[in-house]
């Protein structure tokens, strides 16, 4: 089963 | 006040067509550097970053930094009213809650203005550090768009793999599988037809085709697209906007659980 990662798992709020 | 004038108004039309289906609302930031925007799609899987540098405009004035909250579907509706050859002026006075778009025909015989209400948008700005990528593929944007469209008739996801052989786009679905390999090709008459693959490490990542097809709506902006891949980072799909800046799409990968 493939899971879609969120972009927020890679980049932090600035 | 803030004012920009762009003789090639069609460029703004193309930018809006490229992002309006991905993002609902966004803050457009105007500063001395230029006109920029960063926004995530509603499910926080993809991010779009736009930069149009001030030097690229025929006229650019920004007395103080402002952020304009805009519904993109509404801005696209207004820009659709501009002719392809029209000169576009965008203007906002300090402290007002609207932005004005003015369109002038090249012969100055038709001048239109549209006022768009601004919105308060509580958007999150993400910091994107500079990164070294395992592989960078430059290829004709129309070819990339064609591949994404073709593969989405077979499956929902694309595996992009870069090896010494080239870049491979693969999918699988109920009816079967598909693999498209593009090899490096620099022996073309026109540089915009070249495919250039810079690989430091082999890389293979899986992405939702729905998003790739959405990014490909930026194809009219640039003859080439740059796809930057690293095994532990979102892919970056970049369309350079001639002399002015770029539109970059970031997409988080899918992983096997």
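Values in this text are rule-based calculations from the coordinates and carry no lab data. Everything quoted here is computed from the prediction, not taken from an experiment. Note: ideal-geometry Cβ built from the backbone for every residue, glycine included; neighbour counts use all protein chains shown.
Remarks
- The separation of segment B:207-242 from segment B:43-81, counted between C-alpha centres, amounts to 19 Å.
- Relative to the longest principal axis of the Cα atoms of chain B, the long axis of helix B:141-152 makes an angle of roughly 60 degrees.
- With each label modelled as a point 7 angstrom along the Cα→C-beta vector, the residue B:185-residue B:164 pair spans 2.2 nm.
- Kirkwood Rh, Cα atoms: Rg over Rh of the protein assembly as shown: 0.99
- A crude spin-label estimate for the pair residue B:59 and residue A:3, with each label 7 Å from Cα along the Cβ direction, gives 5.4 nm.
- With helices as the sole contributors, the protein assembly as shown gives -4000 deg cm²/dmol at 222 nm; each DSSP H run of n ≥ 4 counts as -39500 (n - 2.57), and the sum is divided by every residue.
- Seen against the Cα atoms of chain B and their longest principal axis, helix B:10-19 is set at about 50 degrees.
- Placing a pseudo-label 7 Å from each Cα along the Cα-to-Cβ vector at residue B:156 and residue B:125 gives an inter-label distance of 3.6 nm.
- The length gained by stretching the chain between residue B:196 and residue B:31 to full extension, at 0.36 nm per residue less their Cα-Cα distance, is 56.0 nm.
- Cα-Cα P(r), segment B:109-220, percent of pairs per 10 Å interval: 12, 32, 29, 15, 11, 2
- Of the residues B:189, B:21, the one with the fewest other Cβ atoms within 10 Å heads the list, and the complete ranking is B:189, B:21.
- Space enclosed by the convex hull of the alpha-carbon atoms of segment B:47-153, per residue, Å³: 209 Å³
- Sorted by Cβ density within 10 Å, fewest first, the residues B:15, B:88: B:88, B:15
- Among B:117, B:168, sorting on how many other beta-carbon atoms sit within 10 Å of each Cβ, with the fewest leading, yields B:117, B:168.
- Mean-square fluctuations from a GNM of chain B, with a 10 angstrom spring cutoff on Cα atoms, peak among B:226, B:96, B:195 at B:96.
- Förster-model FRET efficiency, 30 Å R0, residue B:255 and residue B:143, C-beta, rounded to 0.05: 0.65
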